[in-house]
Amino acid sequence: MYDTALIEKTKNHVFSLLQNEKSGHDWWHIYRVWKIARFIALKEKANLFTVEIAALLHDIADWKVNNGDLEAGPKAARDWLIKFNVTNAIIEEICQIIFDMSFKGAGVKSDMKTLEGKVVQDADRLDALGAIGIARAFTFGGHIGQLIHDPSIKPQFHSNFESYKQNRSTSINHFHEKLLLLKDRMNTQTAKAMAKKRSQYMEDFIQCFLQEWDEIYV
Ligand code: ADP
Ligand code: NI
């Protein structure tokens, strides 16, 4: 059942929680993920209500801003949805999507169990790619106080969530550690096509960045 009023209430709730967020998980990130997720869901024939609510709630308590607690996000979503006329099964499905979708390291699998989960994960990942993805990477890097680039720090490929979480790297390395890997990890055909274009733009950016860097030091 598609509950337009609850989508609107959830939108207002998330806006009030994230309007002043400063790490790139702000309201406009949620807005873009919500709209991309809706677009992919229509193409892939996924359940729109589940997709839209999960997209809206997916970052209200992310582990990166909650001391590494992977349960904080699903709990915050459950605490919100439980107030309304939503079945337990749908609430748990949405909480599972939020728990599963976060990227936990290059070597850590994060398989989505449902089509709706695949769609929301794709939408979130698309917003980490392209020109917007570049802007978000440096915003996040500045937020946590990491360097733009340091040639002496090499990218690391994390095989477990603990090491990814504790990683101190650079924003340029983040492209190799995560962002450039995403195009091959899209779930749906719709997102794969969108990711290809956005990823190419980032590859061109990195190439250009490193060229300029070398120009300074020759
Ligand atoms: P997800 O929503 O899959 O959990 P993240 O929350 O890890 O994704 O990432 C959110 C945004 O912050 C993305 O645009 C990502 O590129 C950026 N980001 C996350 N970690 C880093 C990092 N260590 N350096 C630079 N940017 C980062
Ligand atoms: Ni997100």
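The values are calculated or read from the model by the stated rules, or taken from the named source; none is laboratory data. Please read these numbers as outputs of a predicted model, since none were measured by experiment. Note that each Cβ is placed from the backbone with ideal geometry, even for glycine, and that neighbours are counted across all protein chains shown. Only protein heavy atoms, including side chains, enter the accessible area calculation; ligands, DNA and RNA are left aside. Shrake-Rupley method; radii C 1.70, N 1.55, O 1.52, S 1.80 Å.
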Computed over the stretch 1-88, the relative contact order (Cα-Cα under 8 Å, seq sep at least six) in percent reads 25 percent
With Cα springs under 10 Å, the Gaussian network model of the chain assigns the largest mean-square fluctuation among D122, D69, D111 to D69
Listed residues A131, A54, A41; largest mean-square fluctuation, Gaussian network over the chain with Cα springs below 10 Å, found at A131
In the chain the accessible area split gives carbon plus sulfur, as whole percent at 1.4 Å, a share of 55 percent
SASA check, T114, accessible area w/ 1.4 Å probe, all protein chains in place, rounded to nearest 10 Å², comes out at 40 Å²
log10 I(q)/I(0) for the chain, Debye formula on C-alpha points only (no solvent), q = 0.10, 0.13 Å⁻¹, two decimals, reads -0.44, -0.74
Contour minus Cα-Cα span, E215 to I153, at 0.36 nm per residue, comes to 20.4 nm
Scan of the chain for chymotrypsin sites (Phe, Trp or Tyr not before Pro) in DSSP loops with at most 15 other beta-carbon atoms within 10 Å gives a longest site-free stretch of 3-83
Length gained, F205-K192, 0.36 nm per residue minus C-alpha separation, equals 2.7 nm
Expected field for S152, accessible surface area in Å² at 1.4 Å probe radius, rounded to 10, holds 90 Å²
Amide H neighbours of L147 at under 5 Å, excluding residues fewer than 5 places away on the same chain, with H built from the backbone geometry, are S171
